[in-house]
1. Can you tell which of Gly19, Gly13 is within 6 Å of the ligand (Cβ to nearest atom), closer than 18 Å to Ala79 by Cα and touching a residue at least 40 places away in the same chain (Cβ under 8 Å)?
2. Scan the range 177-224 for residues that are part of a helix (DSSP H, G or I), away from the ligand (no atom under 11 Å from the Cβ) and farther than 30 Å from Val127 by Cα and report the count.
3. Considering every residue within the range 225-233, establish whether at least one is free of Cβ contacts under 8 Å to residues at least 40 places away in the same chain, assigned to a helix (DSSP H, G or I) and under 18 Å from Ala118 (Cβ atoms).
4. Considering only the range 121-141, I want to know if a residue exists there that is within 11 Å of the ligand (Cβ to nearest atom) and either touching a Cys at 6+ places or on another chain (Cβ under 8 Å) or farther than 22 Å from Thr66 by Cβ (or both).
5. Quick check on Gly168: is it in contact with a Ser or Thr (Cβ under 9 Å, 6 or more places away or on another chain), within 20 Å of Gly138 (Cβ to Cβ) and more than 14 Å from the ligand (Cβ to nearest atom)?
6. Looking only at the range 139-159, how many residues end up being closer than 14 Å to His184 by Cβ and either in a helix (DSSP H, G or I) or free of Cβ contacts under 8 Å to residues at least 12 places away in the same chain (or both)?
7. Please find, within the range 189-223, the residue that is surrounded by the fewest Cβ atoms within 10 Å (Cβ to Cβ) out of those that are under 18 Å from the mean Cα position of the chain (by Cα) and of a type in the set (Asp, Glu).
8. Please state which one of Ile114, Ile136 is closer than 28 Å to Ile178 by Cβ, touching a residue at least 24 places away in the same chain (Cβ under 8 Å) and outside any helix (DSSP H, G or I).
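Derivation of every value follows stated rules applied to the coordinates shown; laboratory data play no part. Computed from a prediction, not measured in an experiment: that's the story for all the values here. Every residue, glycine among them, receives a Cβ derived from its backbone with ideal geometry; neighbour counts consider all protein chains shown.
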Amino acid sequence: MGQLAGKSALVTGGSRGIGAAIAKRLAREGANVAITYARSGDRARAVVEEMTALGVRALAVEAEATDVAALRAAVDRAATAFGGVDILVNNAGIAPYGPFEDVTVEDVDRILAIHARAAFVLVQAVVPHMTAGGRIVGIGSSLVERVPDPGWALYAMSKSALIGLTKGLARDLGPRGITVNLVHPGSTDTEMNPADGPDADGERRHTALGRYCDPEDVAAAVAYLVGDGGRNVTGAALVVDAGAVA
Ligand code: NDP
């Protein structure tokens, strides 16, 4: 068993993409892992099966990120199943893109609810179940550091909210021995942003290394932050973007 043996984790949006890679990485390190999903129930159950085969306990909970009651219920479910939550990874997200003139107020409210409000609600719900040594990691975006193309204002705004949340919570939760950090992925090969998609070559050209990230690259950064090596890192952001903001 790895460095997270005996720990328990909750990863939102763990049914596919980056969240699934994070969940599986934490399970490989020995953690019991709960994942949430919104629409991909079958895929969430497949991720759970993969994690269970590693010898840890795993479960999937349906929790639409705009549904505050569902988010709180997901935390309770994980805490009850595992006897607490040591690690929370706020990963679930979407990528609205397009002319800013076309964005409606309803779009703004929905995206802020998914990326910012859900993160706040989940932290509030999870902290009572977390003891010293707890770890909270948000998945932001390299677009909070640099927006190289038009069409991303709403997305960048919603992810930027996580910076203030992370720094503020680092102060609120530091005295309890809980760290709070962010990982900012750059272009990462998932269904949200396939490495063979129409914009992929342009995105690759923005990077110093000339390539996409794999979901496992982001998972490795999360594993560092939640592991022993990350014990004195809090209020920080780690950019994993092949050098797009260099
Ligand atoms: P995917 O589209 O591959 O996966 C998104 C995940 O989030 C799924 O598990 C999905 O669940 C879940 N999800 C989406 N909407 C909701 C919702 N309303 N309520 C609950 N869960 C939801 O995306 P990625 O894996 O690429 O993205 C993961 C995170 O990384 C996001 O926060 C994204 O913004 C961020 N990111 C991604 C980058 C990239 O290039 N891929 C770059 C920078 C940041 P389900 O399928 O069950 O609906």
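1. Numbers: Gly19 fails: closer than 18 Å to Ala79 by Cα.
From the options Gly19, Gly13, the qualifying one is Gly13.
2. So the count comes out to 4.
3. No, the range 225-233 contains no residue that is free of Cβ contacts under 8 Å to residues at least 40 places away in the same chain, assigned to a helix (DSSP H, G or I) and under 18 Å from Ala118 (Cβ atoms).
4. No; the residues of the range 121-141 include none that is within 11 Å of the ligand (Cβ to nearest atom) and either touching a Cys at 6+ places or on another chain (Cβ under 8 Å) or farther than 22 Å from Thr66 by Cβ (or both).
5. Details: in contact with a Ser or Thr (Cβ under 9 Å, 6 or more places away or on another chain): no; within 20 Å of Gly138 (Cβ to Cβ): yes; more than 14 Å from the ligand (Cβ to nearest atom): yes.
When the stated conditions are applied, Gly168 does not pass them.
6. Of the residues in the range 139-159, 8 are closer than 14 Å to His184 by Cβ and either in a helix (DSSP H, G or I) or free of Cβ contacts under 8 Å to residues at least 12 places away in the same chain (or both).
7. The selected residue is Glu191.
8. Working: Ile114 fails: outside any helix (DSSP H, G or I).
Exactly one of Ile114, Ile136 is closer than 28 Å to Ile178 by Cβ, touching a residue at least 24 places away in the same chain (Cβ under 8 Å) and outside any helix (DSSP H, G or I), namely Ile136.
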